[in-house]
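Peer 1: Have a look at the structure that comes next, please.
Taken together, the values in this text are just the output of simple stated rules run on the coordinates, not laboratory data. Here the structure is a predicted model, which is why all the values come from computation and not from measurement. So basically every Cβ, Gly included, is an ideal-geometry build from the backbone, and we count neighbours across all protein chains shown.
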């Protein structure tokens, strides 16, 4: 009997080791566009190995319940994950991440309600992981609600930070009681989780939709940490390693994202900003908007040496990315050099626009980010702006009174000609006038993104 | 596993996580976040163990919810990450025109379906 247990144990440990290896290799491969696709397959194989091995865990019962829960959870998530539109990916990541946090909290709850923790250290880790997991769960659900448009208001009031601090103190106090073993009543455990869930809600509600990507990334890292802590409690090496790797990788990713969006993490969490402030609009822009017909714009692009396309989220909203790529293919066939210039906040989170372009079939080596492409605008004959606004506004460089002053922008104004596809004449989403539109080398092509791109296609074809 | 060994694992894993993605380009931020989101879906094995050792109805119900959520994390994270990454192609790989998404998704689906169904 002991032999049998020993071999099952050895099998499980070996499987978890293999899983940890596959996860780390998978993440490594996912950090380069050439190998990224295989990275998720590696990681997926790791998950499969670990899941199967766990069924042989010594002393496991409740198999029917486990299998039913796995089947339902997998089916719902699989269907939603395959069906969601690429524009809605950010909130789905938030949702799945929240589920992971909730699962970590559930593990902690089972352990703490049972109250059989042998050591204070084990109980403390269960409590800390439980708090973090519960915060990540409720916080991620709020983030999902905000990005999905279910929650439109950002709840803010005076003394909010103080209230959050009080809730945190309550959670820590109850956690201390539970962990120290003085008062492991079910009521204390329930109170602990209630306070933690509340903290996630009250922390996330004041944060505006524009800052949500950074918040989701932070909760992703936190869930990783919670998983690692619960891994310690269960003595599960796969959870410790995978959770810790995600915790540290996620923290780094959060910092990179915040930097790409020109925001600091502290600013995101505690300033209650992120809904575009429209109070200060900067110095008034003078000059006139000069319209252009699609036929003329098409000729200009067809005879250009180099065209740089600057897409913004507006392009994805208009579903124009397929038409834009069709236009680019025509230009490429004529020998024009075409590049896409992506600002870090062009989509709804850093890297999101790349996904949307990839969906339309644009190869990733035509896509350049801000640092790579900015020097190239000077040699471009045409910069085509579609659905982007603030990220090409030169006032960010030179007008200190503007609310976007200091934000890194794409230097589209340095191109020999700038064509802006825009619905109408009004100021953009943020309410800030765009000085680029008034430059001498800028022409406005009015119309819906998709229709304008189609008009350009027929113009290029008829050249 | 002793406490000190666990701390060693923690420390080394933390450095690994940092180093592995230290040079990731901005274009992969969203897929990588989704990918790491999938990786912490490993919480599924913990939730299975928790439910597998549950005795009271309260423990069983919480454990059940835990496994449900964890399976959602793992499978959902896989589904969206795989969908995003399968679309990343270079000009060389473009080959035939009209590259459509959804082709490679099948294999992944079977693989993951195996995680859910093949297990019992």
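Peer 1: Starting from the exponent 0.38 and prefactor 2.2 Å, build the expected Rg for chain A from its residue count and divide its actual Cα Rg by it. Walk me through the intermediate numbers first.
Peer 2: Details: Rg = 26.0 Å, N = 463, 2.2 N^0.38 = 22.7 Å.
The value comes to 1.15.
Peer 1: Taking Rh as the Kirkwood radius, which is the inverse of the mean 1/r over Cα pairs, what is the Rg/Rh value for region A:332-413?
Peer 2: 0.98
Peer 1: Identify the residues of region A:237-266 with backbone N under 20 Å of a label point that sits 7 angstrom from the Cα of residue A:11 along the Cα-to-Cβ direction, or state none.
Peer 2: A:237-239
Peer 1: Here's another thing I want to ask about it. From other protein chains only, count the Cβ atoms within 10 Å of every residue's Cβ in A:84-94, then give the mean.
Peer 2: Values: counts 4, 0, 5, 0, 1, 8, 3, 0, 6, 13, 1.
Counting other chains' Cβ atoms within 10 Å and averaging over A:84-94 gives 4.
Peer 1: Decide, for region A:91-241, between rounded, prolate and oblate: order the square roots of the alpha carbon gyration tensor eigenvalues as a ≥ b ≥ c, take rounded if a/c falls under 1.5, and otherwise choose prolate if a/b is larger than b/c, else oblate.
Peer 2: Verdict is oblate for region A:91-241.
Peer 1: Please determine, in degrees from 0 to 90 and to the nearest 10, the orientation of helix A:449-461 with respect to the longest principal axis defined by the Cα atoms of chain A, where the helix direction is its Cα long axis.
Peer 2: Compared with the principal axis, the helix lies near 50 degrees.
Peer 1: With runs of 4+ DSSP H residues as the only contributors, calculate the mean residue ellipticity of chain A at 222 nm using -39,500 (n - 2.57) per run, divided by the residue total and rounded to the nearest 500.
Peer 2: -19500 deg cm²/dmol
Peer 1: Taking the Cβ of each residue in A:83, A:29 as the centre, tally the other Cβ atoms inside 10 Å and list the residues starting with the fewest.
Peer 2: Neighbour counts put them in this order, fewest first: A:83, A:29.
Peer 1: Any chance you could tell me what percent of the C-alpha pair distances in region A:1-82 go past 19 Å?
Peer 2: Considering region A:1-82, 54 percent of its Cα-Cα pairs are separated by more than 19 Å.
Peer 1: Next question. When you look at the Cβ of every residue in A:341-350, what mean number of other chain Cβ atoms sits within 10 Å?
Peer 2: That average works out to 2.
Peer 1: Compute the Rg/Rh shape ratio of region B:12-96: radius of gyration over Kirkwood radius, all on alpha-carbon atoms.
Peer 2: Using only Cα positions, Rg/Rh for region B:12-96 is 1.16.
Peer 1: Between region A:236-252 and region B:1-68, what's the alpha-carbon centroid distance in Å?
Peer 2: So the separation of the two Cα centres works out to 6 Å.
Peer 1: Would you mind checking the tilt of helix A:2-30 against the longest principal axis of the Cα atoms of chain A, expressed as 0 to 90 degrees and rounded to 10?
Peer 2: 10 degrees
Peer 1: Shape verdict for region A:1-140, please, from the Cα gyration tensor: rounded (a/c under 1.5), prolate (a/b greater than b/c) or oblate.
Peer 2: Working: a/c = 1.72, a/b = 1.25, b/c = 1.37.
It is oblate, given that a/c is not under 1.5 and a/b is not larger than b/c.
Peer 1: Considering region A:63-123, what Rg and Dmax in Å follow from its alpha-carbon atoms?
Peer 2: Looking at region A:63-123, its Cα Rg and Dmax stand at 16.0, 48 Å.
Peer 1: Helix A:89-114: angle to the longest alpha-carbon principal axis of chain A, degrees 0 to 90, nearest 10?
Peer 2: Around 10 degrees separate the two axes.
Peer 1: Please identify which residues in region A:206-229 have an amide N closer than 12 Å to a label point set 7 Å out from the Cα of residue B:4, following the Cα→Cβ vector.
Peer 2: none
Peer 1: Something else: Taking the Cβ of each residue in A:152, A:443, A:82 as the centre, tally the other Cβ atoms inside 10 Å and list the residues starting with the fewest.
Peer 2: Details: A:152 8, A:443 19, A:82 16.
Least crowded to most crowded, the residues run A:152, A:82, A:443.
Peer 1: Also, quick follow-up: When a/c reaches 1.5 or more, the comparison of a/b and b/c decides; with that in mind, is region A:69-175 rounded, prolate or oblate per its Cα gyration tensor?
Peer 2: Judged from the Cα gyration tensor, region A:69-175 comes out oblate (a/c at least 1.5, b/c at or above a/b).
Peer 1: Can you tell me the length gained on complete extension of the stretch residue A:333 to residue A:185, counting 0.36 nm per residue apart and subtracting the Cα distance? Don't skip to the answer; put the middle values down first.
Peer 2: Working: separation 148, 0.36 × 148 = 53.28 nm, distance 7.29 nm.
Gain in length upon complete extension: 46.0 nm.
Peer 1: Can I get the semi-axes of region A:146-234's equivalent ellipsoid? Compute them from the C-alpha gyration tensor as square roots of 5 times the eigenvalues, in angstrom, largest first.
Peer 2: Listed largest to smallest, the semi-axes of region A:146-234 are 28, 18, 10 Å.
Peer 1: Would you mind ranking A:16, A:57 so that the residue whose beta carbon has the fewest other beta carbons within 10 Å leads the list?
Peer 2: On the way: A:16 25, A:57 17.
Least crowded to most crowded, the residues run A:57, A:16.
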